[in-house]
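Derivation of every value follows stated rules applied to the coordinates shown; laboratory data play no part. Predicted, not measured: the structure shown is a model, and the values here were computed from it. Heads up, the Cβs are rebuilt from the backbone with ideal geometry, glycines too, and the neighbour counts pull from every protein chain shown.
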Amino acid sequence: MTKEKIADALEEIATLLELKDENPFKIRAYQNAARSIEAFGASFSDLQNQETLEKIPGVGKAIAAKISELATTGGLKFLDELRAEFPSAILELFSIPGLGAKKIKALYEQLKISSIADLQTACESGQVAKLPGFGETTQTKICNAIANRTKHVGSFQFGEIAAEAEHLRSDLAAHPDASQVSVAGSFRRRKEIVRDLDFIVASKSPEAITEFFCAHPLVESLIARGPTKTSVRLKSGIQCDLRVISNVEYPFALNYFTGSKEHNIVMRNRALHRGWTLNEYRLGPAPTLEKADSPESPAKRRGKTNVEGASVPGRAKILAINDETELYRALGLDFIPPELRENCGEFEAAENGKLPRLIELENLRGTFHCHTTASDGHNSLEEMVAAAQELGLEYIGIADHSRSSVQAHGLDAARLNVQRAQIRKLQSTLSDIHVFSGIECDVLRDGSLDFDDEILAQLDFVVASVHSTFNLSEVDMTKRVIRAISNPFVTMLAHPTGRLLLKREGYAIDIPAVIEAAAETSTWIELNAAPKRLDLDWRWWPLAKSKGVRCVINPDAHRVSRLQDLWFGIGAARKGWLTKEDVTNCLPLVKIQSALKAKRVGHSKR
DNA sequence: GCCGTTTTCGGCCCGACTGTTTTCAGTCG
């Protein structure tokens, strides 16, 4: 039972409670708890321990007991009883945009609709349009949504949509009526999975910006269009929202729509404690007294100015805010980089001047774990090295697959020898880049390595990877990996969970135990920069860092263009609070050469 | 169901847009 499965169960409870028309705040409590659990760096035993669980924000006695029951027994009586009240396929109706609990409940109670197939039939016969609260337009929208649903699944790897987002951003930025443009949301926070794109544009001509946006060649269809907010579907299938606001509102909108939601809640509370209210438009006076007498329309509230609050006695004066830095300063905080805005300790750090200076792409001096045509790469050794030179790297480590990875044309000892000779020969022609000779060595089922120590000893570095037998128990997989990294010739552990985002779950493994072992053996842990992996996940890096484990950011590049994936790795490293001091391939060549020897030397001293 | 600088009760974010209404409920973020 993983924390993801537990979060899914809590979400399902929330959905079923919605269908039952339960107290909306109880529903939100389950949703909050689900998000909290996902963000929580938990080991399996933590999930069984009620006391540990109750310390997680949003998890109280009742939900802790349910999580504990799930983690211990694999099931949950409360959820089973809820499920029994509705047909099981009814949950799939929530995947249709425009359908929420109220409408689904009406469809179920009045037309006995309990699956997408039922819904399609009812739409085609025109029954849906006749229901109160529905109509022809709604019915047509549902029909279209059903037709498109396989295409618009709604989740994307960051790397899948990064180019599209940048394309649209730069086109908007070039528009003469746009004075400030940013992509906000989870994209700006560099989340590994993105569900939509949020564009914030400051402009005096919202109509012109909106028109330009809707007519953009990347736009496939229009979802909604209003004077300040517009939603479209891009050709890749991702939903994309545009907010057009004024220059004065820009920092507030940018901050608000960057999130995360949890981060925003803390920001708003900090404003409230100062007698202010923070929303996507401004920092204004908190409407404490006004609220009691006469509720104001949103439009009227929008019209309020900062100056008004400044004159109220006992309330801190509201300063002029021109950018996000000033907004954070007004709330007594250092500027919090977007990647850290997950309410995972950034406020405490920002309050005390303890935010780390996060790593930047320019800090990387070299990289390891690159493939060539010798195994399953698409470019030759020479091409890969030339590409690294073009990126300005001081060194590159070549690590092709080892012999057990038959499907990837893994190298045996003889071919490895040939490659080492090729690298020596190439190196003799190069002065501005150093090429390290290594191997991505398979970790076999029992934790032994694919090559003997004598062969490994001849290489500059060794990457240990699990590529087979993913179905071991957590205990066995953890033992297997720890045995592998205990070998003094293993420099680093690659993609430690083996996950493929949105495609394959990582294998069961006790990451805290692996981190502990990496610390003891001075093994580096890879942050695999390929956008489909981003493994080890950013959520674990604060723990690894606290144990003194070194991170190495590798592209796992199988072609020259994928060396650029390093940029995605930097985003994930920043989310993991890493600085250039924590990432070993920020070391210049001379220092990385001695760092590569350190583990072997350390071992021989023991 | 959770939470506490209105702390064991009474709040819990709220604004934008759509579609079906005739002043608003539902959905979404």
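Counting charges near A:GLY133 (Lys, Arg +1; Asp, Glu -1) among other residues having Cβ under 10 Å from its Cβ returns a value of +2. Pairs exceeding a 24 Å alpha-carbon distance, out of A:LYS3/A:LYS575; A:LYS204/A:LYS575; A:LYS141/A:LYS204; A:LYS26/A:LYS66: A:LYS204/A:LYS575; A:LYS141/A:LYS204.
The fraction of Cα-Cα pairs per 20 angstrom bin, counted from 0 for chain A, comes to 17, 46, 32, 6, 0 percent, rounded to whole percents.
Ranked by how many other Cβ atoms sit within 10 Å of their own Cβ, fewest first, the residues A:PHE94, A:PHE489 fall in the order A:PHE94, A:PHE489. Cβ-to-Cβ counts within 10 Å put A:CYS370, A:CYS123, A:CYS214 in ascending order as A:CYS214, A:CYS123, A:CYS370, the fewest first.
Rounded to the nearest 10 degrees, the inclination of helix A:413-427 to the longest alpha-carbon principal axis of chain A is 80 degrees.
Stretching A:ILE223 away from A:LYS20 to a fully extended chain increases their span by 70.2 nm, per 0.36 nm per residue minus the current alpha-carbon distance.
Remark on A:SER402: its backbone amide H falls under 5 Å from those of A:LEU411, A:GLU440, A:ASP442, a criterion applied only to residues 5 or more positions apart or on other chains, H modelled at 1.01 Å from N.
Among residues other than A:PRO251 with Cβ under 12 Å from its Cβ, the summed charge is -3 (Lys and Arg +1, Asp and Glu -1).
Amide H contacts of A:PHE368: A:GLY397, each under 5 Å away and 5 or more positions distant or on a separate chain (H built 1.01 Å from N in the peptide plane; Pro and chain starts excluded). Considering only A:VAL183, A:ASN148, A:ALA208, the residue lying farthest towards the positive end of the dipole of region A:142-246 is A:ASN148, judged by Cα position with unit charges set on Cβ.
For the pair A:ALA163 and A:VAL601, the difference between a 0.36 nm per residue extended length and the Cα-Cα distance amounts to 153.3 nm. Each part reduced to its alpha carbon centroid, region A:1-23 and region A:556-596 end up 39 Å apart. Between region A:487-527 and region A:87-120, what is the C-alpha centre distance in whole Å? With region A:487-527 and region A:87-120 each reduced to a Cα centre, they are spaced 43 Å. Assuming R0 = 30 Å, can you tell me the calculated FRET efficiency for the pair A:ALA421 and A:GLU520, based on Cβ-Cβ distance, to the nearest 0.05? That pair, A:ALA421 with A:GLU520, gives E of 0.25.
Entry note, chain A: relative contact order of 9 percent, from Cα contacts under 8 Å with a spacing of 6+ residues. What's the local net charge at A:LYS26, with K and R +1, D and E -1, over the other residues with C-beta under 12 Å away? Charge balance near A:LYS26 sits at -1. Taking the longest Cα principal axis of chain A as reference, the axis of helix A:474-485 is set at about 40 degrees. Whole-Hz Karplus values for region A:198-210 come out as 10, 9, 10, 10, 8, 7, 8, 10, x, 4, 5, 5, 4 Hz, taken residue by residue from phi with 6.51 cos²θ - 1.76 cosθ + 1.60 and θ = phi - 60°; glycine and proline positions read x.
Over region A:338-490, all Cα pairs binned in 5 Å intervals from 0 give whole-percent P(r) values of 2, 8, 16, 16, 14, 12, 12, 10, 6, 4, 1, 0, listed from short to long. Sequence-distant contacts, meaning Cα pairs under 8 Å at least 6 residues apart, place the relative contact order of region A:41-158 at 15 percent. For the Cα atoms of chain A, what angle does the longest principal axis make with the long axis of helix A:101-111, in degrees from 0 to 90, nearest 10? That works out to roughly 70 degrees. With the simple model of a label 7 Å out from the Cα in the direction of the Cβ, A:ALA129 to A:ASP80 spans 4.6 nm.
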